[in-house]
Amino acid sequence: MAEDLLHSWDHPAPERAGRPSLFALLPEDFVAMGAPGRAEHIFIQSQHPWVWVEGRPRVSREIREWMAENLDTALPQIVERHASEDGSTKLVLALADGERIEAVHMPRDVRNPRVTLCISSQVGCAMGCTFCATGAMGIRRNLTAGEIVGQVLALLRELGPEKPHQITLVFMGMGEPLHNLEHVHRAIQVFNHQQGLNISTKRITVSTSGLVSGIEKLALLEPRPWLAISLNATTDAARGAVMPVNRVWNLARLRQALDRWPLGPKEKLTIEYVLMAGVNDTPEDAQRLADWMGELRHSHNLNLIRMNEHAASSFREPVEDRLRAFVACLKALGCFVTVRKSRGRDVQAACGQLIREESRQG
Ligand code: SAH
Ligand code: SF4
């Protein structure tokens with residue numbers, strides 16, 4: 001079938017052209033572009049939204065005029081805020097061309113100031129996973145590095161935290177980050193820069209559906225974030241049915257890519273597994289999952305996620321007994337397993353529920 005010969009993720013996703021974004025530039029870029037004033041000063045002011053005045057970095061008129069002539073200074077605009085009962089907030093952001101993305105702000109808990117931001121890397125997604133609402137949208141376009149960084153700055157300005165060391169970033173919003181590796185990696189360079197937010201790579205996680213070509217490229221880059229793999233099934237037949245990417249890079253090939261991943265000291269891989277009733281939740285699945293993980297099971301994280309139900313998919317979450325038995329099985333097999341609390345379900349902010357508003361209504 002033609003569909004099996006060429007996949008939508010084999011093509012680069014469409015991109016928005018335009019001037020370089022203020023928020024994607026590093027100090028050396030300001031120097032190379034001949035910006036007036038000290039490049040570090042412009043970078044520091046741009047990357048710390050708490051010190052902005054009237055929504056703009058506080059810089060001299062000369063620098064402001066230079067920016068207006070040479071750069072795109074637009075920040076994604078927060079157009080909706082949906083607060084969940086559990087303390088998390090889903091934000092809808094409008095981009096300059098009218099596209100919309102969603103991101104989720106998740107404080108650890110009431111006593112803990114740490115916040116995880118779940119951010120998007122694309123408008124829509126080309127990977128076509130059948131359980132995922134974003135997948136049902138198809139791919140609209142890549143976010144630019146400026147939009148990825150701008151999304152984070154907009155969230156921080158609106159909801160904090162004001163201390164960058166309290167921020168954790170997870171690329172688990174809309175899109176497949178490794179299908180937009182160039183912009184995602186540039187954004188990570190900016191987040192990680194000492195004079196910017198200075199977010200350590202151990203607090204930046206890129207989650208992938210298993211785009212092995214992208215994993216292998218990311219393995220060679222610095223700074224290198226931590227990696228999470230969305231596994232979601234334990235046989236090639238079952239995984240290929242729900243995640244088309246498995247028809248190109250199967251379970252064995254994906255496992256090989258993990259073996260080659262250059263783990264840093266103390267670094268842990270995360271394996272995510274969305275439990276779907278009657279699809280991947282049997283004791284045999286638990287056994288195969290532990291087998292596939294092999295040695296990784298004793299020291300790396302296995303996160304189980306209940307299927308978040310939505311209109312674009314008929315999959316359902318398993319009943320509680322089934323989930324408990326699955327967890328017990330994995331623990332008995334020596335797996336380091338946690339059942340992830342799904343945040344923001346009441347405001348459709350949970351994993352796999354992010355979608356453009358028009359497509360939800362359509
Ligand atoms: N594209 C990347 C990151 C975004 S999806 C990836 O697939 O890893 C983030 C996570 O949400 C993935 O682990 C994915 O398996 C999970 N997910 C997708 N749809 C879901 C749903 N309906 N319920 C629960 N988790 C879902
Ligand atoms: Fe894309 Fe991830 Fe959703 Fe699959 S699960 S369609 S890769 S966003």
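The values are calculated or read from the model by the stated rules, or taken from the named source; none is laboratory data. Nothing here was measured: the structure is a model prediction, and the numbers come from that model. Heads up, the Cβs are rebuilt from the backbone with ideal geometry, glycines too, and the neighbour counts pull from every protein chain shown. With ligands, DNA and RNA removed, areas are computed over all heavy atoms of the protein, side chains included. Shrake-Rupley method; radii C 1.70, N 1.55, O 1.52, S 1.80 Å.
Name the one entry in P36, P76, P113 that is open to solvent by 60 Å² or more (accessible area, probe 1.4 Å) and not charged (D, E, K, R).
P113
Please go through (1) within 16 Å of ligand 2 (Cβ to nearest atom); (2) within 26 Å of N180 (Cα to Cα) for R306 and return the number of the only condition it doesn't satisfy.
That leaves (2) as the condition not met.
In region 116-147, how many are free of Cβ contacts under 8 Å to residues at least 60 places away in the same chain and within 21 Å of W52 (Cα to Cα)?
1
Any residue at all in region 47-61 that is more than 16 Å from ligand 2 (Cβ to nearest atom) and on the phi > 0 side of the Ramachandran plot?
Yes: one or more hits.
If you check L91 against the conditions, is it within 16 Å of ligand 2 (Cβ to nearest atom), modelled with pLDDT of 95 or more and not hydroxyl-bearing (S, T, Y)?
When the stated conditions are applied, L91 does not pass them.
Which condition from (1) small (G, A, S); (2) surrounded by 14 or more Cβ atoms within 10 Å (Cβ to Cβ); (3) within 30 Å of F191 (Cβ to Cβ) is the one that S299 breaks?
Tallying (1) small (G, A, S); (2) surrounded by 14 or more Cβ atoms within 10 Å (Cβ to Cβ); (3) within 30 Å of F191 (Cβ to Cβ), S299 fails exactly one: (2).
Within region 116-155, track down each residue that is farther than 25 Å from G87 by Cα, more than 12 Å from ligand 2 (Cβ to nearest atom) and open to solvent by 20 Å² or more (accessible area, probe 1.4 Å).
R140, T144
Does L169 count as within 23 Å of I78 (Cα to Cα), more than 16 Å from ligand 1 (Cβ to nearest atom) and surrounded by 21 or more Cβ atoms within 10 Å (Cβ to Cβ)?
So L169 does not fit the description; no.
Of the conditions (1) in a loop (DSSP other than H, G, I, E, B); (2) within 11 Å of ligand 2 (Cβ to nearest atom); (3) farther than 30 Å from T282 by Cβ, H179 satisfies every one except a single condition; which number is it?
(1)
Going through region 311-351 one residue at a time, which ones are under 19 Å from D86 (Cα atoms) and assigned to a loop (DSSP other than H, G, I, E, B)?
R340, K341, S342, R343, G344, Q348, A349, A350, C351
So that you can scan it fast, the table gives a plain yes or no per residue for (1) within 16 Å of ligand 2 (Cβ to nearest atom); (2) part of a loop (DSSP other than H, G, I, E, B); (3) under 21 Å from G146 (Cβ atoms):
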position	(1), (2), (3)
T168	no, no, no
S207	yes, no, no
G210	yes, yes, no
L220	no, yes, no
W249	yes, yes, no
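Applying the selection to region 313-331, what residues are exposed (fewer than 13 other Cβ atoms within 10 Å of the Cβ) and within 15 Å of ligand 1 (Cβ to nearest atom)?
Residue satisfying the conditions is S314 alone.
If I filter region 273-295 for residues that are among the aliphatic types (A, V, I, L, M) and open to solvent by 70 Å² or more (accessible area, probe 1.4 Å), do I get at least one hit?
No: zero hits.
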